[in-house]
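Have a look at the structure below, then the notes.
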Amino acid sequence: MYLTETVAMDCYDVVRQLWDFLDGELTDESMDAIRAHLAQCRQCYPQFDFERTFLDALAATRREHPAPNMVRRKVLAKLRTAGLDV
Ligand SMILES: [Zn+2]
């Protein structure tokens, strides 16, 4: 059995595109590749899980009171400080 190129996708590439993946903004091919990678990679999955949970929480907050841009900027700055590529 061969590892397809999609499964062999690099962790760095996956993490770099994770936010776009969660927003559904990638091509079908990239979406599938990342989905396949996450299904197998123990290193990337916690990152994916964290970002998805974060976005869910953010969406829930936004529904109740629209987040001012200031808050959004602060959150993004914090994530960047934590080493996330956002
Ligand atoms: Zn990975």
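Looking only at residues that are part of a helix (DSSP H, G or I) and of a type in the set (S, T, N, Q) in the stretch 27-76, which one is farthest from the ligand (Cβ to nearest atom)?
Asn69
Filter the stretch 6-19 for residues that are outside any loop (DSSP other than H, G, I, E, B) and either of a type in the set (Ser, Thr, Tyr) or away from the ligand (no atom under 16 Å from the Cβ) (or both) and give the result.
To start, the set of residues in the stretch 6-19 that are outside any loop (DSSP other than H, G, I, E, B) comprises 11-16, 18-19.
Result: Tyr12, single match.
Collect the residues in the stretch 55-70 that are of a type outside the set (Lys, Arg) and modelled with pLDDT under 80, keeping them in residue-number order.
Selection gives Glu64, His65, Pro66, Ala67, Pro68, Asn69, Met70.
Quick one: in the stretch 32-86, which of the residues that are acidic (Asp, Glu) and surrounded by 12 or more Cβ atoms within 10 Å (Cβ to Cβ) is farthest from the chain's Cα centre (by Cα)?
Asp32
Does any residue in the stretch 19-46 that is farther than 23 Å from Ala57 by Cβ come within less than 7 Å, Cβ to Cβ, of a residue that is outside any helix (DSSP H, G or I) and away from the ligand (no atom under 12 Å from the Cβ) six or more places away or on a different chain, and which pairs are these?
Here the result reads Asp32/Thr6; Ala33/Thr6; Ala36/Thr6, each pair linking the stretch 19-46 to a residue that is outside any helix (DSSP H, G or I) and away from the ligand (no atom under 12 Å from the Cβ).
At pLDDT 90 or above and surrounded by 13 or more Cβ atoms within 10 Å (Cβ to Cβ): is that true of Val14 in this structure?
Working: at pLDDT 90 or above: yes; surrounded by 13 or more Cβ atoms within 10 Å (Cβ to Cβ): yes.
Yes, satisfied.
The values are calculated or read from the model by the stated rules, or taken from the named source; none is laboratory data. All of these numbers come straight from a predicted model, not from anything done at the bench. Because the Cβ atoms are built from the backbone with ideal geometry, glycine has one as well, and the counts that use them run over all protein chains shown.
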